Amino acid sequence: MVDKHLKICSLCQNPAVYLDREREIHLCSDHLITSVEEQVLIYLKKIDLPPVVGIAFSGGKDSTALLKAVCRILDQLSCRVVALTVDEGIERYRQETIRAAEETCSILGVPHYIIRFQDVFGHSLDQLVSGSDRNACTICGILRRRALEILARNHSIKVIATGHNQDDHAQTALMNAISGDVRKVFSGMGESPWYARRIKPFAEVSEREVTLYALLFGLFRDLPECPYASSSLRGEVRALLYRYERNHPGSMRHAARCEEEIRDKLGISFERDPYQTCVSCGWPGSGRVCQVCTILTNEHLDRT
């Protein structure tokens, strides 16, 4: 007897594992995998890729799924990939994710390079925020970007792919609107030659699709959540957008694409302030002293 509650893939007769509520179609495991990889391939085919692309690889769900997807379509691309991991130094969290990253790279046969906050900045993230009320996520984001750039430069990487998915884009768009900082909408445009180009192959893939993709390949691990994540504005925005998505399917995609359209239509007319060379470290930044050196200087002052 056929189970009346069993949903069938809209493209074949196999059991469905995913419901696209916006398009009102069901997908089986094979078609879900194909859909995700086709979206990644379409994105990458639009880009003039260098011989080597770095994957920003935390070892978590999104970056693991991205590395797997790119490896599976690599024969259709004119490049090879390496994994780039930043160890921020977060106790009871980073050790497990790095072990997962090393295991995944070993299985996929991908070269894996790691850089540590402690080695680059002289302090772990835990040390930098210990006993202070400074926002850990803000500090981590600024320092992680610099560490990743240093790691990429050490291995001659000109393009870095990140695992940011469609939901991440929607959250960032709403956060930018809340902050009222127009510069953030156009961040990444007119970047300095010092910085590797950032690309986001999961830009059109929802977080649910990414999660299922990882699950179907047995790559989803029950890893601890970053202990600093709960204090971030992103967590509040994420919860708000998820409620809207449940009641109004497509909200995530619309929010993400709205900012992309603004960037596409107004980006030509946007002129960012020219980069200045940091008087302390020599890297380009928005002022005489870059954000990285400001953070590290404040750390020194806090401890004196």
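Run through every distinct alpha carbon pair of segment 35-85 and return the Kirkwood hydrodynamic radius in angstroms, one decimal place.
Details: mean 1/r = 0.0894 Å⁻¹.
One over the average 1/r among Cα pairs gives 11.2 Å for segment 35-85.
Based on the Kirkwood approach, the hydrodynamic radius assigned to the chain is 20.9 Å, with every pair of different Cα atoms included. Take the Cβ atoms of residue 246 and residue 25, set R0 to 25 Å, and the FRET efficiency comes out at 0.90. With a Cα cut-off of under 29 Å and a minimum spacing of 8 residues unless on different chains, the lysine pairs in the chain number 25. For residue 18, nonlocal amide neighbours, meaning residues 5 or more places apart or on other chains whose placed amide H falls under 5 Å from its own, are 27. Looking only at 210, 279, 159, which one moves most when the chain is put into a Gaussian network model with springs between Cα atoms under 10 Å? In the Gaussian network model the winner is 279. For the chain, the longest principal axis of the Cα atoms and the long axis of helix 251-266 meet at an angle of about 50 degrees. Only protein heavy atoms count here; under a 1.4 Å probe, residue 174 has an accessible surface of about 50 Å². Packing here is the average count of other Cβ atoms within 10 Å per residue, and on that basis the peptides 89-99, 53-63, 127-137, highest first, run 53-63, 89-99, 127-137. Note on segment 54-205: Cα Rg divided by 2.2 N^0.38 Å, N the number of residues, gives 1.07. On a 0 to 90° scale, report how tilted helix 136-154 is relative to the longest principal axis of the chain, with both axes built from alpha carbons and the result rounded to the nearest 10. Taking the Cα atoms of the chain, the angle to 136-154 is about 90 degrees. Taken over segment 5-116, the alpha-carbon convex hull comes to 151 cubic angstrom per residue. Helix 233-247 and the longest principal axis of the C-alpha atoms of the chain enclose an angle of approximately 20°. When shorter helices are ignored and each DSSP H run of at least 4 residues is given -39500 (n - 2.57), the per-residue value for the chain at 222 nm works out to -14500 deg cm²/dmol.
The values are calculated or read from the model by the stated rules, or taken from the named source; none is laboratory data. Only a predicted model underlies this, so the values are computations on that prediction, with no experimental measurement involved. For neighbour counting, all protein chains shown are included, and Cβ atoms are generated from backbone atoms with ideal geometry for every residue, glycine included. Please note that ligands, DNA and RNA were not included when accessible areas were found on the heavy atoms of the full protein model with its side chains. Shrake-Rupley method; radii C 1.70, N 1.55, O 1.52, S 1.80 Å.
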